[in-house]
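Trainee: Here's a structure for you.
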Amino acid sequence: MPTLKVVNITPKVLSGTATQDSEPFLAVNPETPTEMVATAFTPDPMNGPLAPVYVSTDGGDSWVLHTVVPGAAPGLGTADITVAFAARGGALYAGILNGLAALHRPVITRMQILRAPSIASTAPMKILVSRDEEDQPWAIAGTVTAGGADLDRVYIGNNGPGPRTARVDVSGDARTAPAPAGFLPTTIEQRDPAGQDGPPVRLAVHPDGTVYAAFQSWRTNDQGDPITNVTFDVVVTRDDDGGVGAHPFQDLKDATDSVPGQRVATDRFVAFNSIMGQERLGGDLTIAVDPTGADRVWIAWCDRVGGPDGVDNTLHVQHSEDRGQTWRQVRDDVTDAKNPSLAVNEDGLVGLVYQRFADNQWTTVLEVTADNWGTAPESDVLHQAPADVPRARGVPFLGDYIRMLAVGKDFYGVFAGNNTPDRANFPVGVTYQRNANFTTHQLLSTDGVTRVPPSIDPFFFHRAA
């Protein structure tokens, strides 16, 4: 039977923290799955020029901070940050929004692509690319062999200058080359959106070199302050040559208009920046490919059924068996949800994790299915806690995304949530590193005595086959 564990990854030395450490991400080294790097909106405890990442070398049981990310802002660290290991060789890559740039008025979004030789490195990560006016970098990587050498193919999805803002930066050989290490931006939107595309560009890489990139193509854009009413199409693009050919991400053409990018769903609605449980909505998207067959791919997103008059935020999952050309819906019955993340293991099991707001609680749920939800999936609540504790310090509260991935038969992931130490909040159990009293439901500082108020922490989970 599979086993589940949940770990609060805040180290004991940060037991006194009460910051909003939200929007987590995770990378697992495919060669050595006990090695992991996690990220969140975590400031440097010393307020230095570098931001930290969380590092585990024992399969997620314990975590330490490596302060290695350039561009830390005092009290913030970086803005968005995502990380990825190459398939072989152990190199670690990151896409970030520089925290110092985010302090500018007016705000500058400065995307940077970074590299470290291994998880063991404590030197500052090397800056390979630095560009302004790009948002929400999403890192994923693979490794191919050519001419007897391993080449790291690295992909950073991002939302760049408009109006066709959905793009992917690709390097075909990023491991040791000097900056910019071959990275070139490719615009994957081939139609004319309304002002811009949605912020998320999500990626799935298959070992045979097939790469999928999904995005939300905004069709109408009724700009408000702060809420913007948007209708969008969910679009999937594909590249059959690793994104390194002459015409990247143009191998999947729409069945209706023959434009590169198959429209999975059209005219979906979201009230972008509307609030549910102290969290902003809009931009939920995830895609995953079966590692045993690149033909089989899954996508999920959230939208408001009923358009402007609706009240929900419904999670939809669709599946393709022909490399993204045709799709069928397999799940559409989870309302008031956000932050879906999909992964597929080597046995073809599909994992879906998401966060749902109901009865004034945020609940983080992991589902695993062997038959595309044809029967009830294996379902576990990883975390549940009041949505109004703590009071939000701006948005995002939990984050605009969470992350799950599969390595071999196992699923690994991270999410953010209320860190009150209460066993009732963790139905499958939990381990804390930071000082906590589960009898009094009280966080304690580094001295083990001083009380610390609840806040938002990142949590790691692992479903072992």
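Trainee: Just to make sure I understand: if all protein chains stay in place, what is the order of Val395, Val144 by accessible area at 1.4 Å, largest first?
Mentor: Accessible-area ranking of Val395, Val144, largest first: Val395, Val144.
Trainee: Using the Karplus curve 6.51 cos²θ - 1.76 cosθ + 1.60 with θ = phi - 60°, work out ³J(HN,Hα) for each residue of the stretch 208-224 in order, rounded to whole Hz, and write x for Gly and Pro.
Mentor: In residue order, the calculated couplings are 7, x, 5, 10, 9, 10, 10, 7, 10, 8, 6, 9, 10, 8, 8, 5, x Hz.
Trainee: I'd like the Karplus ³J(HN,Hα) series for the stretch 13-19: coefficients 6.51, -1.76, 1.60, θ = phi - 60°, whole numbers in Hz, and an x wherever there's a Gly or Pro.
Mentor: Listing the rounded values in order: 5, 9, 4, x, 6, 9, 8 Hz.
Trainee: Need the C-alpha centroid separation for the stretch 208-236 versus the stretch 335-408, integer Å.
Mentor: Comparing the Cα centres of the stretch 208-236 and the stretch 335-408, I get a distance of 21 Å.
Trainee: Taking the Cβ of Arg110 as the centre, find all other residues whose Cβ is under 15 Å away and add up their charges (Lys, Arg: +1; Asp, Glu: -1).
Mentor: -4
Trainee: Output the Cα-based Rg and Dmax of the stretch 291-408 in Å, rounding Rg to one decimal and Dmax to a whole number.
Mentor: 15.3, 46
Trainee: Still on this structure: Can you give the FRET efficiency for Val389 and Val107, using 1/(1 + (r/R0)^6), R0 = 41 Å, r = Cβ-Cβ distance, to the nearest 0.05?
Mentor: E between Val389 and Val107, to the nearest 0.05, is 0.90.
Trainee: Tell me the accessible surface of Lys5 in square angstrom (1.4 angstrom probe, heavy atoms of protein chains only), to the nearest ten.
Mentor: 60
Trainee: Run the 1.4 Å probe and let me know the accessible area of Trp218, rounded to the nearest 10 Å².
Mentor: 10
Trainee: Suppose every Lys and Arg Cβ carries +1 and every Asp and Glu Cβ carries -1, with no other charges. What dipole size does the stretch 240-322 come out with about its Cα centre, to the nearest 20 debye?
Mentor: 300
Trainee: Calculate the dipole size of the stretch 293-445 relative to its Cα centre from +1 charges on Lys and Arg beta carbons and -1 charges on Asp and Glu beta carbons; express the result in debye to the nearest 20.
Mentor: 620
Trainee: Also, I was wondering about something else. Past the 17 angstrom mark, what percentage of all C-alpha to C-alpha distances in the stretch 80-195 do you count?
Mentor: 55
Trainee: Another one. Based on Cα coordinates alone, diagonalise the gyration tensor for the chain, multiply each eigenvalue by 5, take square roots, and list the semi-axes in whole Å, largest first.
Mentor: With the √(5λ) rule applied to the chain, the semi-axes are 31, 26, 23 Å.
Trainee: Using the Cα centre as the reference, give the magnitude of the dipole from point charges on the C-beta atoms of the chain (Lys, Arg: +1; Asp, Glu: -1; all else neutral), rounded to the nearest 20 debye.
Mentor: The calculation lands at about 1000 debye.
Trainee: Provide the net charge surrounding Phe438, with neighbours chosen by a C-beta distance below 13 Å and charges set as Lys +1, Arg +1, Asp -1, Glu -1.
Mentor: That sum, taken over residues with Cβ under 13 Å, equals +1.
Trainee: Which FRET efficiency, nearest 0.05, do Asp208 and Ser258 yield, Cβ-Cβ r, R0 22 Å?
Mentor: Between Asp208 and Ser258 the formula returns 0.30.
Trainee: Spelling out what I want: for every residue of the stretch 422-439, take phi, set θ = phi - 60°, compute 6.51 cos²θ - 1.76 cosθ + 1.60 (Karplus), and round to whole Hz; glycine and proline get x.
Mentor: In residue order, the calculated couplings are 10, 4, 5, 7, 10, x, 9, x, 7, 10, 9, 8, 5, 5, 8, 10, 7, 7 Hz.
Trainee: Another question, if that's okay. Taking the alpha-carbon centroid of each part, what is the distance from the stretch 258-300 to the stretch 76-132 in angstrom?
Mentor: Result: 25 Å between the Cα centres.
Trainee: Can you classify the stretch 1-155 as rounded, prolate or oblate using the Cα gyration tensor, where a ≥ b ≥ c are the square roots of its eigenvalues, rounded means a/c under 1.5, and otherwise it's prolate if a/b beats b/c and oblate if not?
Mentor: Judged from the Cα gyration tensor, the stretch 1-155 comes out oblate (a/c at least 1.5, b/c at or above a/b).
Trainee: Let me ask you something else. Would you mind counting up the charge near Gly77? Only other residues with Cβ under 12 Å from its Cβ, with Lys and Arg at +1 and Asp and Glu at -1.
Mentor: So the environment of Gly77 carries a net charge of -4.
Trainee: Something else about it: Report the one residue of Phe357, Gly399, Asn345 whose Cα lies farthest in the direction of the positive end of the charge dipole of the stretch 325-465 (charges on C-beta: Lys and Arg +1, Asp and Glu -1; origin at the Cα centre).
Mentor: So the residue furthest toward the plus end is Gly399.
Trainee: In the stretch 122-177, carbon and sulfur make up what percent of the accessible area (probe 1.4 Å)?
Mentor: Its accessible area is 49 percent carbon and sulfur atoms.
The values are calculated or read from the model by the stated rules, or taken from the named source; none is laboratory data. All values reported here derive from a predicted model rather than from experimental measurement. Neighbour counts run over all protein chains shown; Cβ positions are idealised from the backbone, glycine included. When the accessible area is computed, the model is the full protein with side chains, heavy atoms only, and any ligands, DNA or RNA have been set aside. Shrake-Rupley method; radii C 1.70, N 1.55, O 1.52, S 1.80 Å.
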